[in-house]
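Enquirer: Attaching a single structure in structure tokens format; questions to follow.
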Amino acid sequence: MTNTATAFFQTLGSGLWVLVPQFALTLVLLAIGVAVYLWITPFDERGMVERGNLAGGVTLGGTVLALSIPLAATLATSHSLIDIAVWGVVALILQLVAFAVATLLLHGLRRNIEAGNVAAAVTLIGIQIAVALVNAAAVAG
């Protein structure tokens, strides 16, 4: 084997032991964030998705995306599991607070999304993604 190939496989072998636990922890944080979101949300998005409610699907999918953006920044900029855990939890809390504030500001949001109003869902997701991008930049430092 050439020196380049040997170096590649050595780097890959040592790097995977760092990558896999960090990636797994980030996915666990995302799952926890989604679970908490589903618990605090005033509407049953999973049920709406099962019934074919497009607004519910947009809201749920957009929320998963909005939760993942700052977690991705945390994963990209942290060098230890404890950093990922601490800043990941902070990022999730900020996102969930942003969701709560948005639901208070958007009057009739629950009724609109349950009725399939995609415009209401897109507005909510736009707010969540905007906050997620700012949140990611803050977490990345």
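Enquirer: Can you confirm whether region 55-65 contains a residue that is on the phi > 0 side of the Ramachandran plot and not hydrophobic (A, V, I, L, M, F, W, C)?
Expert: Quick first cut of region 55-65, residues on the phi > 0 side of the Ramachandran plot only: none.
Among the residues of region 55-65, not one is on the phi > 0 side of the Ramachandran plot and not hydrophobic (A, V, I, L, M, F, W, C), which makes the answer no.
Yes/no per residue for (1) exposed (fewer than 14 other Cβ atoms within 10 Å of the Cβ); (2) of a type outside the set (S, T, N, Q); (3) modelled with pLDDT under 85:
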position: 4; (1), (2), (3): yes, no, yes
position: 15; (1), (2), (3): yes, yes, yes
position: 18; (1), (2), (3): yes, yes, yes
position: 26; (1), (2), (3): no, no, no
position: 29; (1), (2), (3): no, yes, no
position: 39; (1), (2), (3): yes, yes, no
position: 44; (1), (2), (3): no, yes, no
position: 50; (1), (2), (3): yes, yes, no
position: 61; (1), (2), (3): no, yes, no
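Enquirer: Also: Here are 85, 76: which of them is hydrophobic (A, V, I, L, M, F, W, C) and surrounded by 15 or more Cβ atoms within 10 Å (Cβ to Cβ)?
Expert: On the way: 76 fails: surrounded by 15 or more Cβ atoms within 10 Å (Cβ to Cβ).
Only one candidate passes the filter, namely 85.
Enquirer: Moving to a separate point now. Working only within region 83-114, note down all residues that are touching a residue at least 60 places away in the same chain (Cβ under 8 Å) and of a type outside the set (A, V, I, L, M).
Expert: Within region 83-114, 88, 95, 99, 103, 110, 114 meet the criteria.
Enquirer: Additional query: Between 7, 55, 24, 85, which is in a helix (DSSP H, G or I) and either closer than 23 Å to residue 127 by Cβ or acidic (Asp, Glu) (or both)?
Expert: From the options 7, 55, 24, 85, the qualifying one is 55.
Enquirer: Which one of these does residue 100 not meet: (1) at pLDDT 95 or above; (2) closer than 22 Å to residue 120 by Cα; (3) aliphatic (A, V, I, L, M)?
Expert: All conditions pass for residue 100, except number (1).
The values are calculated or read from the model by the stated rules, or taken from the named source; none is laboratory data. What you see is a predicted model, and the numbers here were worked out from it, not measured in a lab. Neighbour counts run over all protein chains shown; Cβ positions are idealised from the backbone, glycine included.
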